[in-house]
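> Starting off with a structure, shown below.
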Amino acid sequence: MSKQISYDWNLSTIVKILLTGGRLYLGGWMIMSGTSYWLTQFGLPTIFPQPVGNTPLSSQMLVTMIEVGLFDIVKTLEIVCGLMLVFNRFVPLGLVIAMPISAVVWYNAIILNGRYDRLFSPTYMGVMCFYLSIILMLAYLRFYAPLLTWKAKMGGLGDFKKLIEAAKTED
């Protein structure tokens, strides 16, 4: 007995498919980017070379991040965030982690490297990771809306139960 799955092909379904594809693409890119860096740290060949900037300011920023150990943290967070996005777990948190990383990648790629010609290039992940992060955060807006409470009251220890409940919820 075969089961047939049917979809209601409307704009909402198409948008969800595109957003899911964007989530998987961004997550996959972050996993690849972080993993590529860590492979070189263990003496293994890289997936793709880590650029160290095409201009003095870009090079200075990236080399400084490497020298102070911030790059290790960023690349680890890329992997963690990428896993969250690919496996569809804690996606709003993964996007919060991805946003500052992708903003710095965008800033480095466009502003510091002066690649204004690639500002809207869909194949250039130096900009697309930032745009995908923004689009996906808008798609998950309902999870961020409570953060915009004008005058929030402090919670209590009982709120820790809410964290456990939220982690158990399939939504």
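The values are calculated or read from the model by the stated rules, or taken from the named source; none is laboratory data. Keep in mind that what you see is a predicted model, and the values were worked out from it rather than measured. Neighbour counts are summed over all protein chains in view; Cβ atoms, including those assigned to glycine, are modelled from backbone coordinates with ideal geometry. Side chains included, ligands, DNA and RNA excluded: accessible areas come from the protein's heavy atoms. Shrake-Rupley method; radii C 1.70, N 1.55, O 1.52, S 1.80 Å.
> On the given criteria, is Gly43 in contact (Cβ under 8 Å) with a residue 40 or more places away in the chain, out of contact with any Phe, Trp or Tyr (no Cβ under 6 Å at 6 or more places or on another chain), surrounded by fewer than 17 Cβ atoms within 10 Å (Cβ to Cβ) and not in a helix (DSSP H, G or I)?
Details: in contact (Cβ under 8 Å) with a residue 40 or more places away in the chain: no; out of contact with any Phe, Trp or Tyr (no Cβ under 6 Å at 6 or more places or on another chain): yes; surrounded by fewer than 17 Cβ atoms within 10 Å (Cβ to Cβ): yes; not in a helix (DSSP H, G or I): yes.
Spelling it out, it is not the case that Gly43 is in contact (Cβ under 8 Å) with a residue 40 or more places away in the chain, out of contact with any Phe, Trp or Tyr (no Cβ under 6 Å at 6 or more places or on another chain), surrounded by fewer than 17 Cβ atoms within 10 Å (Cβ to Cβ) and not in a helix (DSSP H, G or I).
> Here is a further query. Regarding segment 96-105, can at least one residue be identified that is without any contact (Cβ under 8 Å) to a residue 12 or more places away in the chain and open to solvent by 90 Å² or more (accessible area, probe 1.4 Å)?
Checked against the condition, which is being without any contact (Cβ under 8 Å) to a residue 12 or more places away in the chain and open to solvent by 90 Å² or more (accessible area, probe 1.4 Å), segment 96-105 yields no hits at all.
> Another question, then. Would you check if Gly69 is under 21 Å from Phe130 (Cβ atoms) and of a type outside the set (A, V, I, L, M)?
Values: under 21 Å from Phe130 (Cβ atoms): no; of a type outside the set (A, V, I, L, M): yes.
Against the criterion (under 21 Å from Phe130 (Cβ atoms) and of a type outside the set (A, V, I, L, M)), Gly69 does not qualify.
> In segment 1-40, what count of residues is obtained for those that are of a type in the set (Gly, Ala, Ser) and open to solvent by 50 Å² or more (accessible area, probe 1.4 Å)?
3
> Say whether the condition of being without any contact (Cβ under 8 Å) to a residue 24 or more places away in the chain, surrounded by 14 or more Cβ atoms within 10 Å (Cβ to Cβ) and either in contact with a strand residue (DSSP E or B) (Cβ under 6 Å, 6 or more places away or on another chain) or not in a helix (DSSP H, G or I) (or both) is met by at least one residue in segment 68-81.
Looking for residues that are without any contact (Cβ under 8 Å) to a residue 24 or more places away in the chain, surrounded by 14 or more Cβ atoms within 10 Å (Cβ to Cβ) and either in contact with a strand residue (DSSP E or B) (Cβ under 6 Å, 6 or more places away or on another chain) or not in a helix (DSSP H, G or I) (or both), one finds none in segment 68-81, hence no.
> What is the number of the single condition among (1) under 16 Å from the mean Cα position of the chain (by Cα); (2) in contact (Cβ under 8 Å) with a residue 40 or more places away in the chain that Asn113 does not meet?
All conditions pass for Asn113, except number (1).
> Test Ala166 against the stated conditions and say whether it is aliphatic (A, V, I, L, M), modelled with pLDDT under 85, under 27 Å from Leu18 (Cβ atoms) and open to solvent by less than 100 Å² (accessible area, probe 1.4 Å).
On the way: aliphatic (A, V, I, L, M): yes; modelled with pLDDT under 85: yes; under 27 Å from Leu18 (Cβ atoms): yes; open to solvent by less than 100 Å² (accessible area, probe 1.4 Å): yes.
The answer is yes for Ala166.
> So which residues in segment 1-30 are assigned to a helix (DSSP H, G or I) and either basic (Lys, Arg) or touching a His at 6+ places or on another chain (Cβ under 6 Å) (or both), if there are any at all?
Start the filter on segment 1-30 by keeping residues that are assigned to a helix (DSSP H, G or I), which leaves 11-30.
Within segment 1-30, Lys16, Arg23 meet the criteria.
> Tally up the residues in segment 134-163 that are under 21 Å from Ile97 (Cα atoms), in a helix (DSSP H, G or I) and open to solvent by less than 100 Å² (accessible area, probe 1.4 Å), please.
10
> Determine which member of the set Ile110, Ile97, Ile47, Ile66 is of a type in the set (Val, Ile, Thr), at negative phi and at pLDDT 95 or above. Steps first, answer last, please.
Details: Ile110 fails: at pLDDT 95 or above; Ile47 fails: at pLDDT 95 or above; Ile66 fails: at pLDDT 95 or above.
Unique residue meeting the criteria: Ile97.
> Report yes if Asn54 is open to solvent by 60 Å² or more (accessible area, probe 1.4 Å), among the polar types (S, T, N, Q), out of contact with any Phe, Trp or Tyr (no Cβ under 9 Å at 6 or more places or on another chain) and closer than 16 Å to Leu19 by Cβ, otherwise no.
Numbers: open to solvent by 60 Å² or more (accessible area, probe 1.4 Å): yes; among the polar types (S, T, N, Q): yes; out of contact with any Phe, Trp or Tyr (no Cβ under 9 Å at 6 or more places or on another chain): yes; closer than 16 Å to Leu19 by Cβ: no.
Considered against the rule, which asks whether it is open to solvent by 60 Å² or more (accessible area, probe 1.4 Å), among the polar types (S, T, N, Q), out of contact with any Phe, Trp or Tyr (no Cβ under 9 Å at 6 or more places or on another chain) and closer than 16 Å to Leu19 by Cβ, Asn54 comes out as no.
> Test Ser33 against the stated conditions and say whether it is under 21 Å from the mean Cα position of the chain (by Cα), closer than 30 Å to Glu170 by Cα and in a helix (DSSP H, G or I). Before you say what the answer is, go through the steps one by one.
Values: under 21 Å from the mean Cα position of the chain (by Cα): yes; closer than 30 Å to Glu170 by Cα: yes; in a helix (DSSP H, G or I): yes.
It is true that Ser33 is under 21 Å from the mean Cα position of the chain (by Cα), closer than 30 Å to Glu170 by Cα and in a helix (DSSP H, G or I).
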